[in-house]
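The values are calculated or read from the model by the stated rules, or taken from the named source; none is laboratory data. The structure displayed is predicted, hence computed values, not measured ones. Virtual Cβ from ideal backbone geometry, glycine too; neighbours counted across all protein chains shown. Surface areas here come from the heavy atoms of the whole protein model, side chains and all, with no ligands, DNA or RNA. Shrake-Rupley method; radii C 1.70, N 1.55, O 1.52, S 1.80 Å.
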Amino acid sequence: GQNQAYSVGMLNSGQAPVILEVTETYLTFTDGAETFTARLGEQAALPGNAKSTISFPAANVPVSMAYGRHGVTVRFYGSENGAPFDTSIVLADSADVVAPADLQYVASSLMPSIVSKNSSVSFSLDLMNAGGAIVDIAPASSFITFTDGANVYTAAVDGERSDQALPGINTIWFNSVVVRDGFATGGYTPSVHMEGLENGLAFAADPVVT
């Protein structure tokens, strides 16, 4: 379901440059039923006797595409010395299609569960990434917070100890922050907000703490 861009490094070992046509030069892969295709989008060239990088703008990966590794084919279509040029290359690399990241709070994992006023507290909790994609956590914009209506406790993720959410269960650590003396005693359910990158694209989630 993501919009994904690709780039391919190529070596044209011939002397003549190849001028690529915009709509008929594309990168594609398929699971046999669903197909992903990213077209060139703007004119590019493969210079002679040189390496170059061809970039394909973002296109949508079909939601129903089967998970797994799929072979990638790039079609190069254009002209060489004024004559038609048309060749397809099956890349050695493959596209790995995985389930989107899905962060869920693991019940009863919040620690510590009891804290004292005017003490510096570092919370931790477990998040289950039920998807197949890794989340590279952005510590400065990922946090735990709770309030009594007048006082607010907020602590960002400790990036030294928690920099990724891998598929499966991950312990997330937060920076140590003082619980204000003015906090009313009682029980509070914190809110958790996570941000980062998933496959190089922006990711955000608010796992519900229960």
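Phi angles of segment 189-196 translate, via the Karplus equation with coefficients 6.51, -1.76, 1.60 and θ = phi - 60°, into HN-Hα couplings of 9, x, 9, 10, 10, 10, 10, x Hz per residue; Gly and Pro are given as x.
Structure remark: mean-square fluctuation, Gaussian network model of the chain, C-alpha springs under 10 Å; the largest value among PHE123, PHE56, PHE183 belongs to PHE183. Taking the chain as a Gaussian network, where each spring joins two C-alpha atoms under 10 Å apart, which residue of ALA45, ALA66, ALA83 fluctuates the most? For the chain, modelled as a Gaussian network with Cα springs under 10 Å, the answer is ALA83. Its Cα centre serving as origin, the chain has a Cβ charge dipole (Lys and Arg +1, Asp and Glu -1) of approximately 220 debye. Springs join every pair of Cα atoms under 10 Å in this Gaussian network model of the chain, and among GLY159, GLY32, GLY131 the largest mean-square fluctuation is at GLY32.
Per-residue Karplus couplings for segment 7-18, computed as 6.51 cos²θ - 1.76 cosθ + 1.60 with θ equal to phi - 60°, are listed in order as 9, 10, x, 10, 10, 9, 7, x, 7, 7, x, 10 Hz, Gly and Pro entered as x.
If the viscosity is 1.306 mPa s and the temperature 10 °C, what translational diffusion coefficient in µm²/s does Stokes-Einstein give for segment 51-103 when Rh comes from Kirkwood over Cα pairs?
Working: Rh = 14.1 Å.
Diffusion coefficient, whole number: 113 µm²/s.
Got a number for carbon plus sulfur as a percent of segment 13-133's accessible area, 1.4 Å probe? C and S atoms contribute 50 percent here.
Work through the residues other than GLY68 whose Cβ is under 14 Å from its Cβ and net out their charges, Lys, Arg +1 and Asp, Glu -1.
Details: positive: ARG69; negative: ASP31, GLU34, ASP96.
Its environment carries a net charge of -2.
Projecting the Cα positions of ASN118, GLY71, THR171 onto the charge dipole of the chain (unit charges on Cβ atoms of Lys, Arg, Asp and Glu, taken about the Cα centre) puts ASN118 furthest along the positive direction.
The HN-Hα couplings worked out from phi for segment 98-110 by the Karplus form 6.51 cos²θ - 1.76 cosθ + 1.60 (θ = phi - 60°) are 10, 5, x, 4, 9, 8, 10, 5, 8, 3, 6, 8, 5 Hz, whole numbers, x standing for Gly and Pro. Think of the chain as a dipole: +1 on every Lys or Arg Cβ, -1 on every Asp or Glu Cβ, centred on the Cα centre; then among GLY14, ILE137, GLY41, ILE137 lies furthest on the positive end.
Which is the longest part of the chain that has none of the GluC sites (Glu not before Pro) sitting in a DSSP loop with at most 15 other Cβ atoms within 10 Å?
Numbers: sites that count: GLU24, GLU34, GLU42, GLU160.
That would be 43-159.
Rounded to the nearest whole Å², what accessible area per residue is found for segment 1-82 with the 1.4 Å probe?
On the way: 4470 Å² over 82 residues.
Roughly 54 Å² per residue, with all protein chains present.
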